[in-house]
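Down below is the structure, laid out as structure tokens.
The values are calculated or read from the model by the stated rules, or taken from the named source; none is laboratory data. Model, not experiment: these values are computed from the prediction. Neighbour counts are summed over all protein chains in view; Cβ atoms, including those assigned to glycine, are modelled from backbone coordinates with ideal geometry.
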């Protein structure tokens, strides 16, 4: 397969297994590029990309911007809090105004699920979903699976547990789609109030006991509790959550094998994961961050290749 089967990256559920293989193969090449003394390639000198962030973000925004600049694209950054959106401008008007400045690609994070899909039907540009509400975060799932492949050789056949706030997590949903597509076994672990009712329909098992989940898995992906998406209390107290679902060094050392620990960030140290676990040799959290740039370079490059053909 030499090109993606999609014109946008709206979610993992629209990708084929071959698409992910092509993205990983391309990311391997770019990973080598970003470890050179000169970290830029002139691949996208004629492409202009707008980063539209309607929600706060540090790592994802910087990672995308770095990926774009490493590919020599022209970059326009847009922050909703300081834009005409606050004056009541619609999403389509905002984007069309930006596109009239001859922008080829839009990377968008938005609080509303499906915002990227909606946009892709109404504007003439390639759309990359950088997170839409509690729906999907496709590049995070790609970089997570890529990091597992890098650490363990392959994703197929691996046992991955996703721990924490599954209900509000776009990372969890995209990861489940990607891991299942690549042949991994997936379980989720967390308070029942934070596990969506439909989860088993995705071919995922629920394990309520963290110790049992960790004994079963090869990889534990620890998610943050997303208080900003909660309008009610989903568990009695943070202290109780930490006791039942927090990963600490003592628990990690008590397992009968060495597992890989992941976290999409930002980390609430001392809640879902303690500092001595986050900074340990079993954690690949900083590898995930580095791989994020290579994966985003690959996605942007492959989608831009399709724009150039048009």
Filtering segment 47-64 for residues that are free of Cβ contacts under 8 Å to residues at least 24 places away in the same chain and under 19 Å from residue 26 (Cβ atoms) leaves a count of 0
Wholly inside segment 237-310, helices (runs of 4 or more DSSP H) that include 3 or more residues that are out of contact with any strand residue (DSSP E or B) (no Cβ under 8 Å at 6 or more places or on another chain) are 238-245, 249-253, 285-309
Residue hits (segment 185-202; part of a loop (DSSP other than H, G, I, E, B), in contact (Cβ under 8 Å) with a residue 24 or more places away in the chain and surrounded by fewer than 22 Cβ atoms within 10 Å (Cβ to Cβ)) are 191, 195, 196
Within segment 49-72, residues at negative phi, surrounded by fewer than 21 Cβ atoms within 10 Å (Cβ to Cβ) and either part of a helix (DSSP H, G or I) or at pLDDT 95 or above (or both) come out as 59, 61, 62, 65, 66, 69
When segment 114-124 is checked residue by residue, the ones that are surrounded by fewer than 22 Cβ atoms within 10 Å (Cβ to Cβ) and touching a residue at least 40 places away in the same chain (Cβ under 8 Å) are 117, 120
Residues of segment 1-44 being touching a strand residue (DSSP E or B) at 6+ places or on another chain (Cβ under 7 Å) and in a helix (DSSP H, G or I), in sequence order, are 12
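For (1) modelled with pLDDT under 95; (2) over 26 Å from residue 139 (Cβ atoms), each residue gets a yes or a no:
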position: 198; (1), (2): yes, no
position: 201; (1), (2): no, no
position: 214; (1), (2): no, yes
position: 217; (1), (2): no, no
position: 221; (1), (2): no, no
position: 244; (1), (2): yes, yes
position: 285; (1), (2): no, no
position: 300; (1), (2): no, no
position: 304; (1), (2): no, no
